[in-house]
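Shown next, in structure tokens, is the structure this report addresses.
The values are calculated or read from the model by the stated rules, or taken from the named source; none is laboratory data. This structure is a prediction, so every number in the text was calculated from the model and none was measured. In this analysis, Cβ positions are derived from the backbone assuming ideal geometry, glycine residues included, and neighbour counts consider all displayed protein chains. The accessibility values were calculated without ligands, DNA or RNA, using every heavy atom of the protein model including side chains. Shrake-Rupley method; radii C 1.70, N 1.55, O 1.52, S 1.80 Å.
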Amino acid sequence: MSQVDFPILSLLTFLPLVGVAVILSVRGEDAVVASNARWAALWTSMIIFLISLLLWVKFDQSNPGFQFIETAEWLPQVGLTYKMGVDGISVLFVMLSTALVPICILASWESITVRVREYMIAFLVLETMMVGMFSALDFMVFYIFFEGVLIPMYLIIGIWGGPRRVYAALKFFLYTLAGSLLMLIALLAMWDKAGTTDIVTLMHTTFSPQVQTWLFLAFFASFAVKVPMWPLHTWLPDAHVEAPTGGSVILAGVLLKMGAYGFLRFSVPMLPDASAKFAPFIYALSIVAVIYTALVALAQTDMKKLIAYSSVAHMGVVTIGIFTFNAQGISGALFQMLSHGVVAGSLFLCVGVVYDRIHTREIARYGGLADRMPAYALAFMLFMMASVGLPGTAGFAGEFLVLVGAFKVSFWLALLGSAGMILGAIYMLYLYRRIIFGSITRADLRGILDLSPREIAIFAPLAVVTLWMGVYPSSFTNFFEASVAAMVEHHQAALAVTSKLAGVIR
Amino acid sequence: MMNWTIAIPEIVLSCLGMVILIIGVLHKKSNAFHLCSMLTIGAAIITMLLVVAGSSGVGYSGLFVEDSFAVFSKLVILLGSLLGVIVSLDYNTEENLQRFEFPVLMLYATVGMMIMVSSTNMMSLYMGVELMSLAIYVLAAFARDDLRSSEAGLKYFVLGALASGLLLYGISLIYGFSGTMSFDRLASELTSLGNTSPGLIVGIVFLVTGLAFKISAVPFHMWTPDVYEGAPTPVTSFMATAPKVAAIVLFVRVMITPFGHLLAQWQQLIVLISLASMILSAFSSIGQSNIKRLMAYSSIGHVGYILVGLAAGTEIGVRGVLIYLVSYVFTISGMFACIIGMRRRGRSVEKIADLGGLSKTDPGMAASLSIFLFSTAGIPPFAGFLGKYFIFGAAVNAGLWTLAVIGILTSAVSAFYYLRIVKVMYFDQQEAPFDARPPALTLVAGISAAFTTLFIIFPAPIVAAASSAAKVIFG
């Protein structure tokens with residue numbers, strides 16, 4: 001199956017820890033240590049990103065199954081194996097994670113001044129956990145990485161965050177932990193039933209509809225918190241506002257995707273009946289999320305909070321797409337997840353740029369930045385438009401596909417789902433107007449500097465990807481087309497079996 | 001057939017204890033504490049080797065058994081005692097407790113524990129429990145000039161004596177109504193509820209009560225916070241590890257071997273104790289400001305989780321208990337090594353707030369203490385997670401859903417107060433640095449942290465050993 005001989009996914013997963021070891025071994029003056037830690041972290045994450053490009057090149061797009069599979073004995077007596085592999089659904093998320101980490105490290109170059117070494121270590125550990133989670137092919141391995149993400153993120157928010165960081169960090173941790181622990185019970189129940197936690201085997205294990213209902217609810221507790229779906233989203237604005245810029249980027253870019261990925265990887269393929277049964281419930285929550293959080297976003301006075309609420313709305317579109325169970329909807333959801341990862345991450349970086357200069361995120365404190373920061377205004381505009389879903393930018397294709405998928409399910413679902421996009425345009429344009437246009441009224445804004453070369457180096461690749469995803473989406477959709485088609489087929493076959501069984505019993 | 005050789009580890013350890021005692025008395029210099037501690041460590045290591053090399057079988061007319069279940073438990077117990085002696089070395093010197101009886105008492109407590117886990121008869125069970133308890137009563141009151149320590153010793157003694165009384169009363173009822181004290185004979189007679197009498201059931205209840213006292217399960221936990229807080233910290237560390245392991249292992253054997261067929265009768269009891277322990281621990285730990293008291297409540301919670309495995313009453317459950325105990329001993333020993341290291345200007349401090357900003361003043365200690373805290377909270381990838389995984393897996397397997405769900409929810413609650421300590425160390429204002437850590441504590445904390453972190457990578461040997469140990473008692 002595997003096209004390359006060496007274990008590329010394990011390498012990607014554990015190479016960051018080598019970087020951690022290097023950083024830990026640095027001794028000397030604080031300034032020297034800080035500088036060395038920055039460079040070591042940047043080099044490590046760049047090398048990892050370059051290696052992950054191999055996945056892009058070698059991935060067989062026509063194969064719907066898992067590729068780059070690695071297995072190692074771990075606990076053979078109880079049916080636990082260390083197993084890694086990616087399919088079309090996960091491969092791009094692995095790359096998203098490896099791409100965002102160097103950008104985050106670069107974005108934190110100057111804004112993190114205290115305990116730089118620990119910060120870089122936390123980021124590299126976080127990278128290990130994220131990549132491991134997306135490549136895990138064993139539920140237990142997945143769970144370990146899924147939970148392991150909490151520890152570095154808790155520290156990143158709690159140590160380098162804003163004034164209410166302790167509250168935000170604890171809220172983030174406990175919300176997600178409580179959800180994941182219920183998933184642990186579901187994991188144990190599946191392990192008990194199937195005797196293994198191998199994801200591929202579990203996908204082909206049938207659970208009775210009643211068991212499926214309970215398992216679905218347990219999964220839902222975990223993934224809905226992580227997505228986050230309304231009304232479990234309240235940890236997100238707090239965490240985003242208090243986290244340092246790099247933390248916000250990873251949170252929006254990758255961590256929110258973990259929940260939706262969980263739905264795609266576990267809930268839908270393993271529990272088809274329960275997923276179908278709960279789909280209306282998910283639609284309802286998603287529509288509330290799309291409309292309600294968009295309205296909440298409109299009322300925000302803090303830039304980061306506004307973008308955080310917009311993330312909840314965008315993820316609402318993703319959950320609608322996943323639970324349409326058709327190829328367009330799921331592909332759209334995947335594309336929307338990827339584009340949101342890039343775009344929301346970029347928007348948080350945009351906020352970080354002005355925050356580093358003026359040290360406030362109050363929207364009212366800004367205005368007229370176009371005059372002093374033309375390059376910044378351009379970058380911000382691009383990402384803002386992508387977030388709105390303007391055709392030709394990354395945000396369009398995903399939302400469009402999801403709506404096409406939703407139309408197949410119900411007209412009202414599509415209509416209400418698209419309401420979020422209109423509201424999205426309103427709050428984003430309103431935000432942009434208040435920050436960039438107008439005349440400069442504050443004295444400290446007169447001397448504000450435009451993007452530095454380092455910041456341009458951060459934004460340039462993100463802008464390129466945003467446009468690329470908008471202009472030529474099929475270079476991304478090609479990756480997951482086969483896997484999504486197989487998944488839809490599997491789902492329909494499973495439902496057909498159940499209805500046939502129901503007919504027999506009746 | 002006497003088959004006396006199977007008890008060689010216990011015999012050798014007892015003899016070495018006497019030799020160490022004589023050396024301590026005859027030692028010309030004023031203080032033999034350090035020498036005796038070192039000899040005790042040596043004796044423990046020799047005993048471990050003997051345990052590994054020893055043969056298995058039943059001896060002493062069915063009073064004593066050496067099987068892989070006992071061997072596994074003895075190794076964990078000896079390890080716990082070993083770490084206990086090591087962490088006491090510097091503390092006792094600093095606090096002027098450097099009397100040579102200290103390690104010898106630990107040694108005899110360990111002999112008692114080894115007898116406990118090997119007992120196959122109510123009589124040897126009781127002897128083991130008493131030998132362990134008497135030694136620990138003295139240890140708890142070891143700082144005899146300190147009011148809190150004396151109080152702790154007295155409290156522990158009075159309540160412990162009460163528990164022993166209950167235990168003995170239970171044993172006498174069981175004997176009276178069944179005519180035997182041997183586990184095997186009890187097992188063959190009590191094959192169904194039909195041939196048990198209500199008196200025997202009452203006896204089992206008393207037995208459970210007495211043992212619940214020893215493992216400090218709710219509602220028999222009252223002594224724990226006071227004793228943990230008052231006793232000298234190395235003694236607390238010792239009490240939280242080895243004796244707890246011994247009592248739990250004994251509990252498992254006594255419930256499974258003779259009364260295994262009556263599972264339906266005692267399962268309810270264990271489920272209730274377990275639920276109460278988990279819930280009480282999770283909610284009463286929140287308000288604690290003294291770290292030793294917090295550890296007491298936390299240990300009550302651990303007992304609750306471990307009893308989930310016993311409540312399952314299956315081989316998988318017992319395997320879970322054994323795996324949990326291994327991770328528990330390492331995590332708790334490491335945590336106490338850090339707590340013993342909390343000293344400012346030659347005096348130990350015990351408030352959680354004293355850890356403020358530790359990540360700046362002593363990053364190594366802060367990192368390892370965080371590892372232990374995350375591990376006890378059951379967060380992967382640390383050892384505590386695997387323990388919980390196997391325990392709750394057994395509960396799910398046995399269909400104990402209530403227990404599994406409530407256990408999971410209480411562990412989310414308990415994560416709150418463990419995280420609070422991490423918060424104090426990493427996010428809070430910096431306090432004055434602690435005194436330089438003695439190398440012994442660094443060693444224990446380092447070994448424990450390494451084990452806690454790396455267990456997830458190499459769990460197979462321990463899981464395999466636990467599996468075969470669990471298989472034995474289900475015969």
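Just report the Cα centroid separation between region A:179-197 and region A:396-434, whole Å.
About 36 Å separates the Cα centre of region A:179-197 from the one of region A:396-434.
I want to check the label-to-label distance for B:LEU35 and A:HIS490. Put each point 7 Å from Cα in the C-beta direction and report it in nm to one decimal.
Computed distance between label sites B:LEU35 and A:HIS490 equals 7.1 nm.
Using bins 10 angstrom wide from zero, how does P(r) for the protein assembly as shown break down, in % of all Cα pairs?
2, 11, 20, 22, 18, 13, 9, 4, 1, 0, 0
Starting from the exponent 0.38 and prefactor 2.2 Å, build the expected Rg for region B:345-447 from its residue count and divide its actual Cα Rg by it.
In units of the 2.2 N^0.38 Å rule of thumb, it is 1.31.
Within a 10 angstrom radius of each residue's Cβ in A:186-194, how many Cβ atoms of other chains show up on average? Whole number is fine. Write out the running numbers ahead of the final one.
On the way: counts 1, 4, 12, 5, 1, 4, 8, 2, 0.
Whole-number average of other-chain Cβ neighbours for A:186-194 is 4.
What figure in square angstrom, to the nearest 10, would you give for the accessible area of A:LEU378 with a 1.4 Å probe?
110
Of all the Cα-Cα pairs you can form in region B:1-72, what percent are over 17 Å apart? It would help to have the intermediate numbers written out before the result.
Values: 1300 of 2556 pairs.
Cα-Cα pairs in region B:1-72 separated by more than 17 Å: 51 percent.
List every residue whose amide H lies under 5 Å from the amide H of B:ARG344, counting only residues 5 or more places away in sequence or on a different chain, with H placed 1.01 Å from N in the peptide plane.
B:VAL349, B:ASP435
May I ask you to work out the translational diffusion coefficient for region A:183-271 at 25 °C, viscosity 0.890 mPa s, via Stokes-Einstein with Rh from the Kirkwood sum over Cα pairs, reported in whole µm²/s? Spell out each step's value before the answer.
Values: Rh = 14.1 Å.
The diffusion coefficient I find is 174 µm²/s.
Let me spell out the model: positive unit charges on the Cβ of Lys and Arg, negative unit charges on the Cβ of Asp and Glu, origin at the Cα centre of region A:8-505. What dipole size does that give, in debye rounded to 20? Kindly include the intermediate steps, with their values, before the conclusion.
Numbers: 27 positive and 26 negative charges, 190 e Å.
Magnitude of the dipole: close to 920 debye.
Could you list which residues have their amide H under 5 Å from that of A:TYR82, counting only those 5 or more apart in sequence or on another chain, with H placed in the peptide plane?
Correct list: A:ALA72, A:TRP74, A:LEU75.
With no solvent and one point on each alpha carbon, what is the Debye value of log10 I(q)/I(0) for region A:249-300 at q = 0.14, 0.29, 0.32 Å⁻¹?
With one equal scatterer per Cα and no solvent, log10 I(q)/I(0) is -0.51, -1.03, -1.05.
In nm, to one decimal, how far is the A:ILE47 label point from the A:ALA72 one, both placed 7 Å along Cα→Cβ?
1.8
Using a simple spin-label model with points 7 Å from Cα along the Cα→Cβ vector, what separation in nm is obtained for B:THR191 and B:VAL205?
2.8
Count neighbours as other Cβ atoms within 10 Å of each site's Cβ, and list the GluC sites (Glu not before Pro) in region A:40-133 that are DSSP loop with at most 16 such neighbours.
On the way: sites: A:GLU70, A:GLU73, A:GLU110, A:GLU118, A:GLU127; in loops: A:GLU110.
Taking region A:40-133 and a limit of 16 other Cβ atoms within 10 Å, the loop GluC sites (Glu not before Pro) found are A:GLU110.
What's the whole-number percent of alpha carbon pairs in chain B lying beyond 30 angstrom?
When all Cα pairs of chain B are counted, 41 percent exceed 30 Å.
Membrane-span-like helices in chain A: DSSP H runs reaching 27 Å or more (Cα, own axis), mean Kyte hydropathy at least 0.5?
Membrane-span-like by this criterion, though nothing is claimed about a membrane: A:30-58, A:88-107, A:116-135, A:165-194, A:272-298, A:303-322, A:327-358, A:411-436, A:474-505.
Rg and Dmax of region B:220-327 over Cα atoms: what are they, in angstrom?
Expressed in Å, the Cα Rg and Dmax of region B:220-327 come to 14.3, 45.
How high is the FRET efficiency between B:MET127 and B:ASN96 when r is their beta carbon distance and R₀ equals 35 Å, given to the nearest 0.05? Before the final figure, lay out each step's value.
Details: r = 34 Å, r/R0 = 0.97.
Efficiency, from the Cβ-Cβ distance: 0.55.
Within 15 Å, Cβ to Cβ, of B:VAL51, how many net charges do the neighbouring residues add up to if Lys/Arg are +1 and Asp/Glu are -1? Present the calculation step by step, with values, prior to reporting the outcome.
Details: positive: B:LYS74; negative: B:GLU10, B:GLU66, B:ASP67.
Computed value for this residue: -2.
Show me the ranking of peptides B:48-54, A:29-35, A:78-84 by mean Cβ neighbours inside 10 Å, starting with the highest.
Values: B:48-54: 15.1, A:29-35: 12.6, A:78-84: 20.3.
Ranked from most to least packed, the peptides come out as A:78-84, B:48-54, A:29-35.
Where Lys and Arg each count +1 and Asp and Glu each count -1, what net charge lies around A:ILE144 among other residues with Cβ under 14 Å from its Cβ?
Values: positive: A:LYS83, B:LYS388; negative: A:ASP138, A:GLU147.
Once all neighbours under 14 Å are counted, the net charge is 0.
For q = 0.07, 0.12 Å⁻¹, what log10 I(q)/I(0) does region A:8-505 give under the Debye formula with an equal point scatterer on each alpha carbon and no solvent?
Rounded to two decimals, the profile gives -0.34, -1.05.
Work out the P(r) tail for region A:271-328: percent of alpha carbon pairs separated by more than 14 Å, whole number. Intermediate values should be presented prior to the final figure.
Working: 924 of 1653 pairs.
That tail contains 56 percent of the Cα-Cα pairs.
Using alpha carbon coordinates only, what is the Rg to Rh ratio of region A:113-264, with Rh defined as the Kirkwood radius?
Taking Rh as the inverse mean 1/r over Cα pairs, Rg/Rh reads 1.01.
Which order, highest average first, do B:465-473, B:157-165 follow once you tally other Cβ atoms within 10 Å for each residue and take the mean per peptide?
In descending order of packing, they fall as B:465-473, B:157-165.
Sorted from largest down, what three extents in whole angstroms do the Cα atoms of region A:393-506 have along their principal axes?
Principal extents (Cα only, largest first): 78, 30, 21 Å.
Roughly speaking, what is the centre-to-centre gap between region A:135-174 and region A:18-42 when only Cα atoms are used, to the nearest Å?
That distance is 23 Å.
Within region A:322-409, list the chymotrypsin sites (Phe, Trp or Tyr not before Pro) lying in a DSSP loop whose Cβ has at most 16 other Cβ atoms in a 10 Å radius. Kindly include the intermediate steps, with their values, before the conclusion.
Values: sites: A:PHE323, A:PHE325, A:PHE335, A:PHE348, A:TYR355, A:TYR366, A:TYR376, A:PHE380, A:PHE383, A:PHE396, A:PHE400, A:PHE407; in loops: A:PHE323, A:PHE325, A:TYR366.
Passing both the DSSP loop test and the Cβ count: no residue.
So how long is each side of region A:57-151 along the principal axes, counting just the alpha-carbon atoms, biggest first, in Å?
Each principal axis gives a Cα extent; for region A:57-151 these are 46, 35, 16 Å.
Could you tell me, in Å, what Rg and Dmax come out for the Cα atoms of region B:192-232?
For region B:192-232, the Cα radius of gyration and maximum Cα-Cα distance read 15.0, 50 Å.
For the cross-link pairs B:LYS155/B:LYS388; B:LYS388/B:LYS471; A:LYS257/A:LYS500; A:LYS171/A:LYS226, which exceed 23 Å when the distance is taken from alpha carbon to alpha carbon? Don't skip to the answer; put the middle values down first.
Numbers: B:LYS155/B:LYS388 32 Å; B:LYS388/B:LYS471 20 Å; A:LYS257/A:LYS500 35 Å; A:LYS171/A:LYS226 13 Å.
In this structure, B:LYS155/B:LYS388; A:LYS257/A:LYS500 lie more than 23 Å apart at Cα.
Sort A:THR324, B:THR442 by accessible area with a 1.4 Å probe, largest first.
Values: A:THR324 10, B:THR442 60 Å².
Ranking A:THR324, B:THR442 by accessible area, largest first, yields B:THR442, A:THR324.
For A:170-183, what's the mean count of beta carbons from other chains sitting within 10 Å of each residue's beta carbon?
Numbers: counts 7, 0, 0, 8, 5, 1, 1, 8, 7, 1, 4, 12, 4, 1.
Counting Cβ atoms of other protein chains within 10 Å of each residue's Cβ and averaging gives 4.
Per residue of B:140-146, what is the mean number of Cβ atoms on other protein chains within 10 angstrom of that residue's Cβ?
0
What aspartates and glutamates sit close enough to A:LYS305 to cross-link, taking a C-alpha to C-alpha distance under 15 Å and skipping anything fewer than 8 places away on the same chain?
A:LYS305 reaches A:ASP238, A:GLU242, A:GLU362.
I'd like the FRET efficiency for B:LEU50 and B:GLN268, computed as 1/(1 + (r/R0)^6) with the beta carbon distance as r and R0 of 45 Å, rounded to 0.05. Provide the component values of the computation, followed by the final result.
Numbers: r = 41 Å, r/R0 = 0.90.
The formula returns an efficiency of 0.65 here.
Report, to the nearest 10°, how far helix B:401-427 tilts away from the longest principal axis of the Cα atoms in chain B, using its own Cα long axis and a range of 0 to 90°.
10
Please report Rg (one decimal) and Dmax (integer) in Å for the Cα set of region B:62-123.
In Å, with Rg to one decimal and Dmax whole: 14.4, 46.
As a test of reading the structure, rank A:LEU50, A:LEU401, A:LEU338 by solvent-accessible area (1.4 Å probe, protein chains only), most first.
Largest accessible area first, the residues go A:LEU50, A:LEU401, A:LEU338.
Gap in Å between the Cα centre of region B:365-434 and the Cα centre of region B:26-50?
36
For region A:18-97, what value does the Rg/Rh ratio take when both radii are computed over Cα atoms and Rh is the Kirkwood radius, given to two decimals?
Working: Rg = 17.8 Å, Rh = 15.5 Å.
Looking at region A:18-97, the ratio lands at 1.15.
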